[in-house]
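Below: one structure, written as structure tokens.
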Amino acid sequence: MKAIQVKKTGGTEALELVDIPVPQPKPNEAVVKVAVSGVNFIDVYHREGRYPVALPFVIGQEGAGVVSAVGAEVKSIKAGDRVAWTSIMGSYAEYIAVPADRLVKVPQAVSEREAAAVMLQGITAHYLTNTTFPLKRGDTALVQAAAGGAGLLLVQMAHTIGARVIGTVSTEEKAKLAREAGADEIILYTQADFENETKRLTNGKGVDVVYDSVGKTTFEKGLNVLRPRGMMVLFGGSSGAVSPFDPITLTQKGSLFLTRPSLAHYIATRDELDARSSAVFEMIAAKRLKLRIEHIYPLPDAQQAHRDLEGRKTTGKLLLIP
Ligand code: NDP
């Protein structure tokens, strides 16, 4: 089968199209014929070696497809079922072996492309808005990179809950998309100081929560726009990692809360994986969550997909078709 493998970590050239054997299921696994793989920033971190993985490895964390074979112990799914997964390495490939208890069935009303587009970023938006900082009607949230893959979904979910959403983006085109997703206010953080703007928009009161996937360039100022006892949810670092800092800073800036959540810890149990994926699929089926699939690349163009994602050119979701 064709797959994108990393033999040596590095730039986009580290993504190599290879021909390798189709995986065979272990007793607790299912093998899925991949219809669509999702591209995510975490793939860049794996490719670069920032998040170390034993070499060589087939890259990719997310996808959807049809079960082609199951191991002897698998009872929950069968060949022919439409399924999706996240946080399983090896998704940029024609086939993948996945522990059966990490697969979710894709309902009729949701296409494989839609499922692959939300398993990582959609479930992330769900746990961030419902569990990490459970937003309520009337709360104010600052969403950094509001037109990004996770950003556009986060804005929609926060808006649906009834929160006031202030979003940051780098361009007018991205501003339009974030507004369409439900952002009440947009700050072009490449042109204006988002700290001053957020304070102005909240009459100096500050926001209840900052959802920050940008990290290095936004974290510190993000702390300055929180109300006393507000929460900084630092969930990514598309601009780079945040420098180490002294926890007393949280006291000085208003007894703030800081968390650095990871999807894995919010879908660790079968119940949580089921509840979150069903909730997101239901939003799609009910047309309460609009997906922006920005670009669909053939699998051999994985390098281009990474260049586009890292180059800050993209909005919404990038998919690969094996
Ligand atoms: P995005 O689609 O959001 O792409 C990154 C965006 O970040 C860009 O489009 C850009 O938006 C903004 N950005 C700001 N500065 C830079 C920079 N220097 N270089 C590149 N981009 C920059 O990606 P994802 O939604 O896939 O992921 C965003 C982050 O969230 C990643 O760090 C990812 O690992 C993390 N994440 C974490 C999860 C978790 O559970 N903790 C789950 C999902 C994602 P603009 O041009 O508007 O500034």
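Only the coordinates and a few stated rules stand behind these numbers; no lab work does. Computed from a predicted structure; not experimentally measured. Counting neighbours? That spans all protein chains shown, and the Cβs are built from the backbone with ideal geometry, glycine included.
Could you size up the charge dipole of the chain around its Cα centre, putting +1 on the beta carbon of Lys and Arg and -1 on that of Asp and Glu, and report it in debye to the nearest 20?
Working: 38 positive and 34 negative charges, 106 e Å.
Computed charge dipole of the chain: roughly 520 debye.
Kindly put 43, 208 in sequence by how many other C-beta atoms sit within 10 Å of each C-beta, fewest to most.
Least crowded to most crowded, the residues run 208, 43.
Calculated FRET efficiency, residue 258 and residue 53, Cβ-Cβ r, R0 22 Å, to nearest 0.05?
Values: r = 27 Å, r/R0 = 1.24.
The pair residue 258/residue 53 has a calculated efficiency of 0.20.
What is the spin-label model distance, in nm, from residue 171 to residue 271 if the labels are put 7 Å beyond Cα along the C-beta direction?
It is 4.5 nm.
Please state the charge dipole magnitude for segment 1-120, taken about the Cα centre, from unit charges on C-beta atoms (+1 on K and R, -1 on D and E), reported in debye and rounded to the nearest 20.
160
About its Cα centre, what dipole magnitude does segment 122-263 give when the only charges are +1 on Lys and Arg Cβ and -1 on Asp and Glu Cβ, stated in debye to the nearest 20?
Its charge dipole is roughly 320 debye.
Please give the contour-minus-distance gain from residue 137 to residue 190: 0.36 nm per residue of separation, less the Cα-Cα distance, rounded to one decimal in nm.
That pair, residue 137 and residue 190, stretches by 16.2 nm at full extension.
If R0 is 56 Å, what FRET efficiency do you get for residue 227 and residue 24 from their C-beta distance, rounded to 0.05?
E between residue 227 and residue 24, to the nearest 0.05, is 0.55.
Multiply the residue gap between residue 8 and residue 287 by 0.36 nm, knock off their C-alpha separation, and tell me the result in nm, one decimal place.
Gain in length upon complete extension: 96.2 nm.
Count charges around residue 54 for me, please; just the other residues with Cβ under 13 Å from its Cβ, Lys/Arg as +1, Asp/Glu as -1.
That sum, taken over residues with Cβ under 13 Å, equals +2.
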